[in-house]
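Q: For reference, the structure I am asking about is given below.
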């Protein structure tokens, strides 16, 4: 059932791509850090810088932190994020669940479910969205091949934010390289931002440091 849900969310992107209204390029840099507190609890911290090559400016800055609780293959998280997009300030409160769905040979399939409440500064129209990420990885000598897709579903009244149920989709293809105790994830991301009157399709170079 979980696999069918994942495939359905991934496939929902493709009929829309043909009707792209606009495309642009950029790059994203990020750091992801997990610090052990106990055998079950971990602290989490991430930073991201998202740059738009069309304007030559940083489009968005993100800082997210919180706590993660692990039981076997399951992980629960309670996170808070602070985002600046131009002059717009936003807080995001998230409850998430992640787990390993399947393992075979050197391959692994995992998923992450995240419910996200978005609180905008100086704007009474808060928003709620559901995010589903499915990730496939295959280990090879010194690196991993990575493919993941994340669908964003809008749970807010469309009249408030001019978005339908399918709010955006991110599709990533790349590799993860191990460098001692640090990992670097490098690749290409296609982000479809679906806004009804104007859809935007971003072609992004991505580099994440994981430690």
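Q: For the range 87-103, give me each residue that is exposed (fewer than 15 other Cβ atoms within 10 Å of the Cβ) and farther than 20 Å from residue 167 by Cα.
A: 87, 97, 100, 102, 103
Q: Here's a check for you: in the range 1-19, which residue that is surrounded by 13 or more Cβ atoms within 10 Å (Cβ to Cβ) and assigned to a loop (DSSP other than H, G, I, E, B) is modelled with the lowest pLDDT?
A: Per the stated criteria, the residue is 13.
Q: Looking only at the range 132-142, filter to residues that are crowded, with 16+ Cβ neighbours inside 10 Å and either at pLDDT below 95 or closer than 13 Å to residue 171 by Cα (or both); which one of those is nearest to the chain's Cα centre (by Cα)?
A: Initially, the range 132-142 is screened for residues crowded, with 16+ Cβ neighbours inside 10 Å, giving 132-137.
From what's left, either at pLDDT below 95 or closer than 13 Å to residue 171 by Cα (or both): 132-136.
Working: 132: 9, 133: 7, 134: 10, 135: 11, 136: 14 Å.
Step by step, filter the range 132-142, then rank; the result is 133.
Q: If you don't mind, another one. Going through the range 166-186 one residue at a time, which ones are over 14 Å from the mean Cα position of the chain (by Cα) and either surrounded by 14 or more Cβ atoms within 10 Å (Cβ to Cβ) or without any contact (Cβ under 8 Å) to a residue 12 or more places away in the chain (or both)? Working first, answer last.
A: Pass one, the range 166-186, residues over 14 Å from the mean Cα position of the chain (by Cα): 166, 174-184, 186.
Hits for the range 166-186 are 166, 174, 175, 176, 179, 180, 183, 184, 186.
Q: Can you tell me which residues in the range 63-86 are over 18 Å from residue 45 (Cβ atoms) and surrounded by 14 or more Cβ atoms within 10 Å (Cβ to Cβ)? Write out each step before concluding.
A: Within the range 63-86, the first condition is being over 18 Å from residue 45 (Cβ atoms), and the residues that meet it are 71-74, 85-86.
Within the range 63-86, 85 is the sole residue that qualifies.
Q: Moving to a separate point now. Report every pair of residues separated by at least 6 positions or lying on different chains whose Cβ atoms are under 9 Å apart, first residue within the range 191-211 and on the phi > 0 side of the Ramachandran plot and in contact (Cβ under 8 Å) with a residue 12 or more places away in the chain, second in a loop (DSSP other than H, G, I, E, B) and surrounded by fewer than 14 Cβ atoms within 10 Å (Cβ to Cβ).
A: Correct list of pairs: 196/162; 196/164.
Q: Would you point out which residue out of 51, 106 is in contact with a strand residue (DSSP E or B) (Cβ under 6 Å, 6 or more places away or on another chain) and surrounded by 16 or more Cβ atoms within 10 Å (Cβ to Cβ)?
A: Working: 106 fails: surrounded by 16 or more Cβ atoms within 10 Å (Cβ to Cβ).
The conditions single out 51.
Q: Within the bounds of the range 43-50, is there any residue that is over 18 Å from residue 211 (Cα atoms) and out of contact with any helix residue (DSSP H, G or I) (no Cβ under 7 Å at 6 or more places or on another chain)?
A: Of the range 43-50, the ones over 18 Å from residue 211 (Cα atoms) are 50.
Still in the list and also out of contact with any helix residue (DSSP H, G or I) (no Cβ under 7 Å at 6 or more places or on another chain): 50.
There is at least one residue in the range 43-50 that is over 18 Å from residue 211 (Cα atoms) and out of contact with any helix residue (DSSP H, G or I) (no Cβ under 7 Å at 6 or more places or on another chain).
The values are calculated or read from the model by the stated rules, or taken from the named source; none is laboratory data. Note that this is a predicted model, so its numbers are computed, not measured. All Cβ positions, even for glycine, are placed from backbone atoms using ideal geometry, and neighbour counts span all protein chains on display.
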